[in-house]
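Participant: The structure under discussion is supplied below as structure tokens; questions concerning it will follow.
The values are calculated or read from the model by the stated rules, or taken from the named source; none is laboratory data. Just so you know, these numbers come straight off a predicted model, no measurement behind them. Positions of Cβ are generated from backbone atoms using ideal geometry, with glycine treated the same way; all protein chains shown enter the neighbour counts. Areas reflect the complete protein model, heavy atoms only, side chains present, ligands, DNA and RNA absent. Shrake-Rupley method; radii C 1.70, N 1.55, O 1.52, S 1.80 Å.
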Amino acid sequence: MQNILAVISRPVGKVEVEALAAMEIFSSKDLIDLSFHHHEQISFRAAWILERVYSNHQERFLPFAYYFLEKLPSQQNLSSLRHYVKILAFMTHKKATTEVQELVMNYNTDCIVEVVFAWLIDEKIPVAVKSHCLNILANLIPKHPWVRNELIETMEFLVDQESIAFFAKVKQIRKQLKK
């Protein structure tokens, strides 16, 4: 873990993040742990690399997927949280791999639904995070049917309080819920 910590202690760009995600010298668990680092920039960079590992090298992420899901509700760094909810939106999407779909189906997602709703209504949470929260909740409706009505009501409440970008995402989620 010291190797990756030394690298992400300084600024990194997109190309370097992609290269780091491709390296097999550290595990996804190390990245998850570093995404809770007390230094906000280290936490952010670790979460960013973790997102790229999930997207491009999922086989290295999957052994630690349960660990990721267990740690997710504790993430408080808003920059890291953006990457966490993006990963979760991918994991809960209907186009996720069969292995990921089974993992989510077998995981007790009650706590995740609860915390994602809390982030959705929290005024301090950035709109990019809230946008992914909408996707996550909509994606979890097949497993938690009660979420549909709560999500619709919550969107109606928030749509006038949030940005135009949020409104556009609400429009997309409404369309998804009609299918």
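Participant: Return the only residue of E51, E102, E59 being among the charged types (D, E, K, R) and open to solvent by less than 20 Å² (accessible area, probe 1.4 Å).
Facilitator: Working: E102 fails: open to solvent by less than 20 Å² (accessible area, probe 1.4 Å); E59 fails: open to solvent by less than 20 Å² (accessible area, probe 1.4 Å).
None of the other options fit; the residue is E51.
Participant: Can you find a residue in the stretch 39-50 that is not aromatic (F, W, Y) and not in a helix (DSSP H, G or I)?
Facilitator: Yes, there is a match, as at least one residue in the stretch 39-50 is not aromatic (F, W, Y) and not in a helix (DSSP H, G or I).
Participant: Scan the stretch 1-36 residue by residue and report those that are in a loop (DSSP other than H, G, I, E, B) and without any contact (Cβ under 8 Å) to a residue 24 or more places away in the chain.
Facilitator: Matches in the stretch 1-36: R10, G13, M23, I25.
Participant: Could we say that Y107 is touching a Lys or Arg at 6+ places or on another chain (Cβ under 8 Å) and at pLDDT 95 or above here?
Facilitator: Judged against the criteria, Y107 is not a match.
Participant: From the residues in the stretch 20-48 that are in contact with a Ser or Thr (Cβ under 9 Å, 6 or more places away or on another chain), of a type in the set (A, V, I, L, M) and under 16 Å from L81 (Cα atoms), which one is surrounded by the fewest Cβ atoms within 10 Å (Cβ to Cβ)? First the steps, then the outcome.
Facilitator: Start the filter on the stretch 20-48 by keeping residues that are in contact with a Ser or Thr (Cβ under 9 Å, 6 or more places away or on another chain), which leaves 21, 34-37, 39-48.
The next check asks that each one be of a type in the set (A, V, I, L, M); those that pass are 21, 34, 42, 46-47.
This time we only want the ones that are under 16 Å from L81 (Cα atoms), so: 34, 42, 46-47.
On the way: L34: 22, I42: 20, A46: 27, A47: 26.
Filtering first and then ranking leaves I42.
Participant: Follow-up. Which of the residues that make up the stretch 1-20 are within 9 Å of I49 (Cβ to Cβ) and in contact with a Leu (Cβ under 8 Å, 6 or more places away or on another chain)?
Facilitator: If the condition is that a residue be within 9 Å of I49 (Cβ to Cβ) and in contact with a Leu (Cβ under 8 Å, 6 or more places away or on another chain), then I4, I8, V12 are the ones that fit.
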